[in-house]
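Enquirer: Please read through the structure below; I'll follow up with questions.
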Amino acid sequence: MFLCCWLVLGALIPATLSIDPGVKVRLTEKGIEYGRQLGMAAMQQKLNSIQVPDFSGKERVSPIGKVRYNLSNIRVLKVGIPKSSVDLVPGTGVKMSIGDAFISLNGRWKVKYLRIIKHSGSFDLNVNGLNIATTISIKTDETGRPAVSSDSCSAAVGSAKVKFHGGGSWLYNLFTRFIDKALRNAMQKQICPRATSVVSDLNPQLKTLNVLAKVDKYAEIEYSMVSSPTVLKSSIDLNLKGEFYNIGKHQEPPFSPAAFNLPPQNNNMLYIGMSAFTVNSAAFVYNNAGVLSLSVTDDMIPKSSPIRLNTNTFGVIIPGIAKQFPGLMMKLLMKMEKIPTLTFETNNASVQATTTVTAFAIQTNSTLSPLFVLNLEASVSARMFVSEMKLAAAVTLNKMDLTLAKSNVGDFQVSALNSILQVVFKWVVIPTVNVQLAKGYPLPTIGKMKLVNTQLNVLKDYILIGTDVQFS
């Protein structure tokens, strides 16, 4: 994988309409260096596959005279790349350079002269001063995924030194005068095609980009690119859409991503900025799917709790319940009335939620008798974390405010129900929500990418994930 760490990621770059992204990605110098190491390993493999043709001919060589020669079975033994660099060309693209590389080869030789005299043996060949320079462009294919290509390539072979095993010293004259240049030219012609193939070999990998990643049966998240990359001297900044949609129905939410800028950090290879817009678009999607509701019954409350979901418990606070519905179990239906709103402030992520709580008495024939409806305004704190290749969360209740929307059992002091609702939130609502949030949703990824040394910080309007990466 040539420059896989950053080209694979850094190629997330289509030319589409420029809009504010929900997600930003930055490749730093550290990530580029990791990519260079992977790229040189791939380049070594390609150079190892160079095939040198057999050389044969007839020349006059002093002091022997006319000689027929043949060099065959030439094989690459070793490739060394002591110097290499990957440089970003601001506003343009990428340049890869290799200097003072060498290739060690061996093969068989044989000669015939004076019509009847034949000699043969082996030889070792060292090709030195190999220099390669190639420029790489990053584009977008018809699916919105990245595609890379080599725009230009140059290669030069400095010198070749041969050692013949067997034979006389005149063999070196034969090599220097008639074989050296032709052999170096033959090798030089194969270098740029191999460098180009290293780049093109990335494209199948790039097609694994999760441009549209399924989250569950209700939602998917889009990571298409909304603008071209910003190539700087020491980093590449990428803008991704980062928006949730209902599966099969891409409806825009009634809000847009706010502009934000990544801070100048470079301790990690990769930085991912995830805006509040991305998470709030998820809330919009799940609200549209009608799944932001929860039914709570007594069997969901721990048996050790003195508070039970039955008319006996509620009847102590609301006499009308005890009179009209004695000795019955109850059910609470909690339903989101507005799209929950997540806010990121420095070191703090919070969610504001507006729900209704409808209380029912469960009759002996299982029919439900409505008792009352509460409006509930809740504020929860969210702890965001990265789990493998997903962003997950857990919430805790900060506070809630209750008001009475409707009652079929007479007036009562709503504040008296606060302790009961606190129990319901503590033992049922918050754990149920956290089970779902712990499943997380996919981060942008390509191929078998693994995040290591990951850190997450909550900043104004977005979270910042700093991480190193590994490719297997």
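The values are calculated or read from the model by the stated rules, or taken from the named source; none is laboratory data. Keep in mind it's a predicted model, so treat the numbers as computed, not measured. When we count neighbours, we look across all protein chains shown, and the Cβ atoms used for this are built from the backbone with ideal geometry, even at glycine. Please note that ligands, DNA and RNA were not included when accessible areas were found on the heavy atoms of the full protein model with its side chains. Shrake-Rupley method; radii C 1.70, N 1.55, O 1.52, S 1.80 Å.
Enquirer: Can you pull out the residues in the range 397-425 that are charged (D, E, K, R) and over 18 Å from Met336 (Cα atoms)?
Expert: Hit for the range 397-425 is Asp411, nothing else.
Enquirer: I need the full set of residues from the range 89-121 which are at pLDDT 90 or above and either open to solvent by less than 40 Å² (accessible area, probe 1.4 Å) or under 29 Å from the mean Cα position of the chain (by Cα) (or both), in order please.
Expert: Once the filter is applied, which keeps residues that are at pLDDT 90 or above and either open to solvent by less than 40 Å² (accessible area, probe 1.4 Å) or under 29 Å from the mean Cα position of the chain (by Cα) (or both), the range 89-121 yields Lys95, Met96, Ser97, Ile98, Gly99, Ala101, Ile103, Ser104, Leu105, Asn106, Gly107.
Enquirer: Being assigned to a strand (DSSP E or B), open to solvent by 50 Å² or more (accessible area, probe 1.4 Å) and touching an Asp or Glu at 6+ places or on another chain (Cβ under 9 Å) is the filter here, so list the residues in the range 433-472 that pass it.
Expert: Listed by number, the residues that qualify are Lys450, Asn453, Thr454.
Enquirer: Among (1) open to solvent by 30 Å² or more (accessible area, probe 1.4 Å); (2) within 30 Å of Thr311 (Cα to Cα); (3) in a strand (DSSP E or B), there is one condition Asp411 misses while meeting the rest; what is its number?
Expert: For Asp411, the exception is condition (3).
Enquirer: Now a separate question. Which of the numbered conditions does Pro63 fail, given that it passes all the others? Conditions: (1) within 18 Å of Arg177 (Cβ to Cβ); (2) touching a helix residue (DSSP H, G or I) at 6+ places or on another chain (Cβ under 7 Å); (3) open to solvent by less than 60 Å² (accessible area, probe 1.4 Å).
Expert: Condition not satisfied by Pro63: (3).
Enquirer: Considering every residue within the range 344-361, establish whether at least one is closer than 21 Å to Glu377 by Cα, in contact with an Asp or Glu (Cβ under 9 Å, 6 or more places away or on another chain) and either of a type in the set (D, E, K, R) or assigned to a loop (DSSP other than H, G, I, E, B) (or both).
Expert: yes
Enquirer: When the residues of the range 165-193 are filtered to those that are touching a strand residue (DSSP E or B) at 6+ places or on another chain (Cβ under 7 Å) and more than 19 Å from Arg108 (Cβ to Cβ), which remaining residue is least open to solvent (accessible area, probe 1.4 Å)?
Expert: Ile191
Enquirer: Pick out the one residue from Val162, Val148, Val157 that is closer than 30 Å to Gly65 by Cβ and open to solvent by less than 50 Å² (accessible area, probe 1.4 Å).
Expert: Val162
Enquirer: Yes or no: the range 308-322 includes at least one residue that is open to solvent by 30 Å² or more (accessible area, probe 1.4 Å), under 25 Å from Asp401 (Cβ atoms), among the aliphatic types (A, V, I, L, M) and touching a helix residue (DSSP H, G or I) at 6+ places or on another chain (Cβ under 6 Å).
Expert: Yes: the range 308-322 contains one or more residues that are open to solvent by 30 Å² or more (accessible area, probe 1.4 Å), under 25 Å from Asp401 (Cβ atoms), among the aliphatic types (A, V, I, L, M) and touching a helix residue (DSSP H, G or I) at 6+ places or on another chain (Cβ under 6 Å).
Enquirer: Contact list please: Cβ distance under 6 Å, first residue in the range 246-273 and closer than 18 Å to Glu220 by Cα, second residue β-branched (Val, Ile, Thr), pairs at least six apart or on different chains.
Expert: Asn246/Val285
Enquirer: Turning to a different aspect of this structure: Which is under 25 Å from the mean Cα position of the chain (by Cα), at pLDDT 95 or above and hydrophobic (A, V, I, L, M, F, W, C), of Ala361, Ala378, Ala392?
Expert: Ala392
Enquirer: Go through (1) in contact (Cβ under 8 Å) with a residue 12 or more places away in the chain; (2) of a type outside the set (A, V, I, L, M, F, W, C); (3) within 30 Å of Ala258 (Cβ to Cβ) for Gly290 and report which single condition fails.
Expert: (1)
Enquirer: Then there is this: With in a helix (DSSP H, G or I) and among the charged types (D, E, K, R) as the only criterion, which of Lys338, Lys323, Lys303 stands out?
Expert: Lys323
Enquirer: Checking Ala393 against (1) within 21 Å of Asn280 (Cβ to Cβ); (2) open to solvent by less than 50 Å² (accessible area, probe 1.4 Å); (3) in a loop (DSSP other than H, G, I, E, B); (4) of a type outside the set (Asp, Glu), only one condition comes out false. Which one?
Expert: Here Ala393 clears every test but (3).
Enquirer: Same structure, new question: In the range 1-37, which residues are modelled with pLDDT of 50 or more and more than 17 Å from the chain's Cα centre (by Cα)?
Expert: Ile19, Asp20, Glu29, Glu33, Arg36, Gln37
Enquirer: Is it the case, given these coordinates, that Leu374 is under 30 Å from Asp461 (Cα atoms), open to solvent by less than 70 Å² (accessible area, probe 1.4 Å), in contact with a strand residue (DSSP E or B) (Cβ under 7 Å, 6 or more places away or on another chain) and not in a loop (DSSP other than H, G, I, E, B)?
Expert: So Leu374 does not fit the description; no.
Enquirer: A follow-up question, please. Scan the range 198-220 and tell me whether some residue there is in contact (Cβ under 8 Å) with a residue 12 or more places away in the chain, open to solvent by 30 Å² or more (accessible area, probe 1.4 Å) and within 30 Å of Leu105 (Cα to Cα).
Expert: Taking every residue of the range 198-220 in turn, at least one turns out to be in contact (Cβ under 8 Å) with a residue 12 or more places away in the chain, open to solvent by 30 Å² or more (accessible area, probe 1.4 Å) and within 30 Å of Leu105 (Cα to Cα).
Enquirer: Hey, another quick one. Of the conditions (1) more than 23 Å from Thr403 (Cα to Cα); (2) of a type outside the set (Asp, Glu); (3) open to solvent by 30 Å² or more (accessible area, probe 1.4 Å); (4) in contact (Cβ under 8 Å) with a residue 24 or more places away in the chain, Ser305 fails just one. Which one is it?
Expert: Tallying (1) more than 23 Å from Thr403 (Cα to Cα); (2) of a type outside the set (Asp, Glu); (3) open to solvent by 30 Å² or more (accessible area, probe 1.4 Å); (4) in contact (Cβ under 8 Å) with a residue 24 or more places away in the chain, Ser305 fails exactly one: (3).
Enquirer: Here is a list of conditions, (1) of a type in the set (A, V, I, L, M); (2) open to solvent by less than 30 Å² (accessible area, probe 1.4 Å); (3) modelled with pLDDT of 95 or more, and Ala405 meets all of them except one; can you say which number that is?
Expert: Unmet for Ala405, out of (1) of a type in the set (A, V, I, L, M); (2) open to solvent by less than 30 Å² (accessible area, probe 1.4 Å); (3) modelled with pLDDT of 95 or more: (2).
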